[in-house]
Amino acid sequence: MNHEDKPSTQINVGPQHPALKEPETFRIVVEGEKVVQATPILGHTHRGIEKLAESRDYNKLLYLAERICGICSFAHQANYAKGVEIIADLSVPPRAQYLRVIVAELERLHSHLLWVGVLAHEIGFDTFYLLVWKDRELVMDLLETLTGNRVNYGMNRIGGVRSDLTPEIRQRFKEVLPKLRERLDRIKEVAINDPTMKARCKGVGVISKRLAQETCVTGPTARASSINWDLRRDAPYFAYEDFSFKVPTSDKGDVHSKVVLRIEELYESISIIEQALDTIPEGEIFAKPPSRLSGRAISRLEAPRGENFHYLDFRESKTPYRMRVRAPTYANLASSVRALVGHHIADVPVIVAANDPCFSCTDRTLVINLDTGEQKMLTKKELRNIGIKIYKEGLL
Amino acid sequence: MSFAPDFLLFVLEGLLFPGVVTLIFFAFLFEWAYRKFLARFQARRGPMLAGPSGILQPFADFIKTASKEEIVPDAAHKAIFKTLPLLAPLPVLLGLFLIPVSSLAGLVNSPGDLYLLIFLLSLFAAIQITLGWASGNRFALIGASRSGLQLVSFGIPLVFAAIIPAMRAESFSLEKIVLSQTGYTGYVPNWNIFHVSGIIAFLIFLICSLAELEKVPFDTPEAETEIAGGWTLEYSGRAYAFIILSEQLKEVFMIGLAVTLFLGGPFGPTFGLPSVYHAILFTLYFLVKSLVVVFLLSLFSATMARLKVSQILEGTWSLLAPIAVLTVGLLIIIG
Amino acid sequence: MALAIIELLKNLLKKPVTVNYPFETEGLSLPSRYRGLHVVDQEKCIGCSRCARECPAFVITMVPLTPKELAKRTDKKKRKPVFDLSACIFCGVCEDVCPVDCIDLTNKIPLPEEDTAKLVVD
Ligand code: SF4
Ligand code: SF4
């Protein structure tokens, strides 16, 4: 650090800070109002979910997986169920697949609307925040009628879903979705045209395509930096190949383009739900899983915030030998920290919030060598060598 | 012997009506109105439990905060940290005595009221900066420096906007300014706001008051989501309660000033009532006019996001200040 | 911005969205699928303890029946499920797995209690 000629101050944004609703630290070095260095410090909310998972049978694990994240709870649960189904070689009935698509897209709606509100709050635009959340209630009500709860829907079971779509609920959807689209038009207009919104978000926190590739970002963050990648289209799961939808991208990479991109994604989500409601096949909604499992699986899914990754390892038992989760925020964090440098303190919450961070999902592992008490960081090369070794020995 | 009753009356006025007690009551009332308006804009309910429609909420907040534990951080400058917050409402009260509330003149008046008021405005900012600095917190320090920047950037347009009524009244005394706005042209009262230069100056004044009061979009010195409360961050308990009180009194001060300068002060029709009742009538007029200003302020801050310090500097110097100067020019030309 | 101001002014005239919940419940309803307070029909329950086995939060314990209760039973039921709602995650699995459908997660919302012991229901 060669900042001795200028007075620089180190401030800790977090773990307790009004801008971050979850405990995470960003150690920021500022010169006046300018950020010259930023380091994230992870691990405040490590909950040991993966260890706990090794002592639960796969049915009970559904509800633990659901609680990895409060907002994308369906994404985690469905992803976990998908993994188990891959291991069990279980074919899920099409009606259940469609229902999963419907809930997943509803979740994307509620998550993105929540995010728009949070961003508005970060820039001090509380009116917009509250009015967006008012409209989000429409989605929450739909979720509640379909699944029985506003969050932690408990919708999945291994091999299918738990609650079915009745004609009355379909009717309810048909009434609410056009209303939602109307409100979305209004939200989009404010988000794009409001002068103060533009002043605070345009050109802020730009993540170039190169930086995005270097830091391996996923989800809307990647798509806003012209990385055209969406698992729903590029590696379809559930019933996504049955629907036609666009994947909006942008080449600007700033916060404002992420707002616009997310809102455009919501139009697609509504259209997917409408298609699913119209073409949903009749039939069973779940298939019975076997009682013992053996095998490994990697299961990926496009959660609202990006790519959700679950690794499962079952060895002739009902409980997994190992479970590993990587939530999208973990992938996106590095990019936002890099994007912070050069901006003002006022931009810090905006840039951090732009990736829709969810830190409780992120804090997964803490590696300490108990014998020596030593904490070691692996270099990229070492990691790569371990990966090659595992691959060669056919461990994966 | 006639000295004693006069003096007693003055003390009574100073303490009760329209003095300290009334002003504090106004402060709580305006705060409540501001919060209620904001809540209703946002389709919320706002304060609703303490008293009818939650009207006692600011008072309850004050009592609650004041009864909390007071924490003095190690890094703070102890003497300033402990005493200055308790003194913070005093200069604001002094400023409020100058503002005509129940009669055409303030409790205290002099030919140079406006000078004193403008000086007081800088004093408030100085107090804020000192408070922020004394708490020894980095966020507070950033908040204090932002507070200073705002003072620099909004000082000029504010002074120019305030000078326009003074020019129209050809006096710096608030009493004269109010007097110049009595009377009617047709059915329209002679308020400064109904004059071309007056309305522009009024808008500029409103924007600057938002900045003075640290409300969105100019709440950078306190910006909760950026610097966690800024210069007020370390204060708790009684000290914080007094800081809040001084902020709320400042709200009355800025709003009262706007009413005095542009909306004809407390003056209004007296319906030929005997002059004993005038005080009550005038206070009512003052309240109504003030609430209109509160409404405008809350509407303004409801439609905006918080701006960045650099944007504020740019906006004031390239937009607000030139417009303010041009308005003064306009007034000189068209008279 | 002008549009925004108009919308805000309209909000001023409309009723607030927030419902003053415990005091007024107008327009509030829970869908029939809502998973709220448990109601267990102990008469119908056959004491198979499937619910206790499947509960992901280990909320349900099977408690032996008292001699008095035992005397009333004509079947082989020896134990009954007791729910400690302070640990319940309201997932509804118990409702799903019960072979005789004697557990019902109603639309009632469990009220907060100071004492967790009060949340034990059977
Ligand atoms: S609702 Fe779920 S957590 Fe609660 S008792 Fe039933 S199975 Fe257990
Ligand atoms: S599953 Fe049903 S019948 Fe069996 S113990 Fe539980 S409540 Fe009783």
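The values are calculated or read from the model by the stated rules, or taken from the named source; none is laboratory data. Predicted, not measured: the structure shown is a model, and the values here were computed from it. Cβ: placed from backbone, ideal geometry, glycine included. Neighbour counts: every protein chain shown. What goes into the accessible areas is simple: the full protein's heavy atoms, side chains included, and nothing from ligands, DNA or RNA. Shrake-Rupley method; radii C 1.70, N 1.55, O 1.52, S 1.80 Å.
Find all pairs meeting these conditions: Cβ atoms under 7 angstrom apart; at least six residues apart or on different chains; first residue within region A:138-160 and open to solvent by 20 Å² or more (accessible area, probe 1.4 Å); second residue among the polar types (S, T, N, Q).
Qualifying pairs under 7 Å: A:Val151/A:Ser73; A:Asn152/A:Ser73.
Outside any helix (DSSP H, G or I), open to solvent by 50 Å² or more (accessible area, probe 1.4 Å) and not hydroxyl-bearing (Ser, Thr, Tyr), is that true of B:Phe271?
Here the answer is yes, as B:Phe271 does meet what is asked.
Does C:Ala52 count as modelled with pLDDT of 85 or more and either in a loop (DSSP other than H, G, I, E, B) or away from ligand 2 (no atom under 15 Å from the Cβ) (or both)?
Answer is no for this residue.
Which one of these does C:Asp41 not meet: (1) open to solvent by 70 Å² or more (accessible area, probe 1.4 Å); (2) within 18 Å of the chain's Cα centre (by Cα); (3) among the acidic types (Asp, Glu)?
C:Asp41 satisfies all of (1) open to solvent by 70 Å² or more (accessible area, probe 1.4 Å); (2) within 18 Å of the chain's Cα centre (by Cα); (3) among the acidic types (Asp, Glu) except (1).
Mind counting the residues in region A:279-320 that are crowded, with 16+ Cβ neighbours inside 10 Å and part of a strand (DSSP E or B)?
19
Residues are listed down the side, and each one gets a yes or a no for (1) assigned to a loop (DSSP other than H, G, I, E, B); (2) in contact with a helix residue (DSSP H, G or I) (Cβ under 6 Å, 6 or more places away or on another chain); (3) more than 8 Å from every other protein chain (Cβ to nearest Cβ):
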{"site": "A:Leu131", "(1), (2), (3)": "no, no, no"}
{"site": "A:Leu143", "(1), (2), (3)": "no, yes, yes"}
{"site": "A:Asp164", "(1), (2), (3)": "yes, no, yes"}
{"site": "A:Lys174", "(1), (2), (3)": "no, no, yes"}
{"site": "A:Glu182", "(1), (2), (3)": "no, no, yes"}
{"site": "A:Asp185", "(1), (2), (3)": "no, no, yes"}
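Condition test on C:Thr106, is it away from ligand 1 (no atom under 15 Å from the Cβ), farther than 22 Å from A:Phe286 by Cα and of a type in the set (S, T, N, Q)?
no
Just to be sure I understand, how many residues within region A:239-273 are part of a helix (DSSP H, G or I) and of a type in the set (Gly, Ala, Ser)?
3
For region A:216-226, name all the residues that are within 17 Å of the chain's Cα centre (by Cα) and surrounded by fewer than 20 Cβ atoms within 10 Å (Cβ to Cβ).
A:Cys216
Suppose we filter region C:1-28 for residues that are within 25 Å of the chain's Cα centre (by Cα), surrounded by 10 or more Cβ atoms within 10 Å (Cβ to Cβ) and within 14 Å of chain A (Cβ to nearest Cβ); how many remain?
Residues meeting the conditions: 2.
Right, A:His112: farther than 30 Å from A:Pro320 by Cα, within 17 Å of the chain's Cα centre (by Cα) and crowded, with 22+ Cβ neighbours inside 10 Å or not?
yes
Answer with yes or no whether B:Leu90 is away from chain A (no Cβ under 14 Å), at pLDDT below 80, over 30 Å from C:Glu24 (Cα atoms) and open to solvent by 90 Å² or more (accessible area, probe 1.4 Å).
no
Looking at region B:172-202, which of its residues are farther than 23 Å from B:Leu116 by Cβ, in a helix (DSSP H, G or I) and of a type in the set (Gly, Ala, Ser)?
Matches in region B:172-202: B:Ser197 only.
In region C:53-71, what residues are within 14 Å of another protein chain (Cβ to nearest Cβ) and surrounded by fewer than 18 Cβ atoms within 10 Å (Cβ to Cβ)?
Of everything in region C:53-71, those that are within 14 Å of another protein chain (Cβ to nearest Cβ) and surrounded by fewer than 18 Cβ atoms within 10 Å (Cβ to Cβ) turn out to be C:Arg53, C:Glu54, C:Ala57, C:Phe58.
B:Pro157: modelled with pLDDT of 80 or more, within 27 Å of B:Tyr34 (Cα to Cα), under 18 Å from the mean Cα position of the chain (by Cα) and of a type outside the set (Lys, Arg), yes or no?
When the stated conditions are applied, B:Pro157 passes them.
Do any residues in region B:59-78 that are among the basic types (Lys, Arg) have Cβ atoms under 7 Å from those of residues that are in a loop (DSSP other than H, G, I, E, B), where the two are at least six apart or on different chains, and which pairs are they?
B:Lys68/B:Ser236; B:Lys78/B:Val72
Are any residues in region C:73-122 without any contact (Cβ under 8 Å) to a residue 12 or more places away in the chain, surrounded by fewer than 11 Cβ atoms within 10 Å (Cβ to Cβ) and either away from ligand 2 (no atom under 16 Å from the Cβ) or closer than 24 Å to A:Val161 by Cα (or both), and if so, which ones?
The answer is C:Leu111, C:Pro112, C:Glu114, C:Asp115, C:Ala117.
Would it be correct to say that A:Glu66 is farther than 29 Å from B:Ala223 by Cα and not polar (S, T, N, Q)?
Yes, satisfied.
Results for (1) near ligand 1 (Cβ under 10 Å from one of its atoms); (2) in contact with a strand residue (DSSP E or B) (Cβ under 7 Å, 6 or more places away or on another chain), shown as yes or no for each residue.
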{"residue": "C:His38", "(1), (2)": "yes, yes"}
{"residue": "C:Gln42", "(1), (2)": "no, yes"}
{"residue": "C:Ser49", "(1), (2)": "no, yes"}
{"residue": "C:Ala52", "(1), (2)": "yes, yes"}
{"residue": "C:Thr66", "(1), (2)": "no, no"}
{"residue": "C:Glu69", "(1), (2)": "no, no"}
{"residue": "C:Leu85", "(1), (2)": "yes, yes"}
{"residue": "C:Glu95", "(1), (2)": "yes, yes"}
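Which of (1) at pLDDT below 85; (2) touching a helix residue (DSSP H, G or I) at 6+ places or on another chain (Cβ under 9 Å); (3) over 30 Å from A:Arg210 (Cα atoms) is the odd one out, the single condition A:Ser291 does not satisfy?
(2)
Just to be sure I understand, how many residues within region A:193-217 are out of contact with any Phe, Trp or Tyr (no Cβ under 9 Å at 6 or more places or on another chain), within 14 Å of chain B (Cβ to nearest Cβ) and assigned to a helix (DSSP H, G or I)?
5
Please go through region B:208-249 and pick out each residue that is open to solvent by less than 20 Å² (accessible area, probe 1.4 Å), outside any loop (DSSP other than H, G, I, E, B) and within 13 Å of another protein chain (Cβ to nearest Cβ).
B:Leu210, B:Thr225, B:Glu226, B:Ile227, B:Gly230, B:Thr232
Could you check region A:44-94 and list, in sequence order, the residues that are open to solvent by 20 Å² or more (accessible area, probe 1.4 Å), acidic (Asp, Glu) and within 13 Å of chain C (Cβ to nearest Cβ)?
Once the filter is applied, which keeps residues that are open to solvent by 20 Å² or more (accessible area, probe 1.4 Å), acidic (Asp, Glu) and within 13 Å of chain C (Cβ to nearest Cβ), region A:44-94 yields only A:Asp57.
Of all residues in region C:25-49, count the ones that are of a type in the set (Gly, Ala, Ser) and more than 7 Å from ligand 2 (Cβ to nearest atom).
4
Give me the pairs, please: first residue somewhere in region C:27-47 and more than 18 Å from C:Asp84 (Cα to Cα), second residue anywhere and within 16 Å of ligand 2 (Cβ to nearest atom) and aliphatic (A, V, I, L, M), beta-carbon distance under 8 Å, and either six or more positions apart or on two chains.
Short answer, once both residue conditions are applied: C:Tyr34/C:Leu105; C:Lys44/C:Val100; C:Ile46/C:Val100.
What number goes with the only condition from (1) touching a residue at least 60 places away in the same chain (Cβ under 8 Å); (2) surrounded by 23 or more Cβ atoms within 10 Å (Cβ to Cβ) that A:Val103 does not pass?
Going through (1) touching a residue at least 60 places away in the same chain (Cβ under 8 Å); (2) surrounded by 23 or more Cβ atoms within 10 Å (Cβ to Cβ) one by one, A:Val103 breaks only (1).
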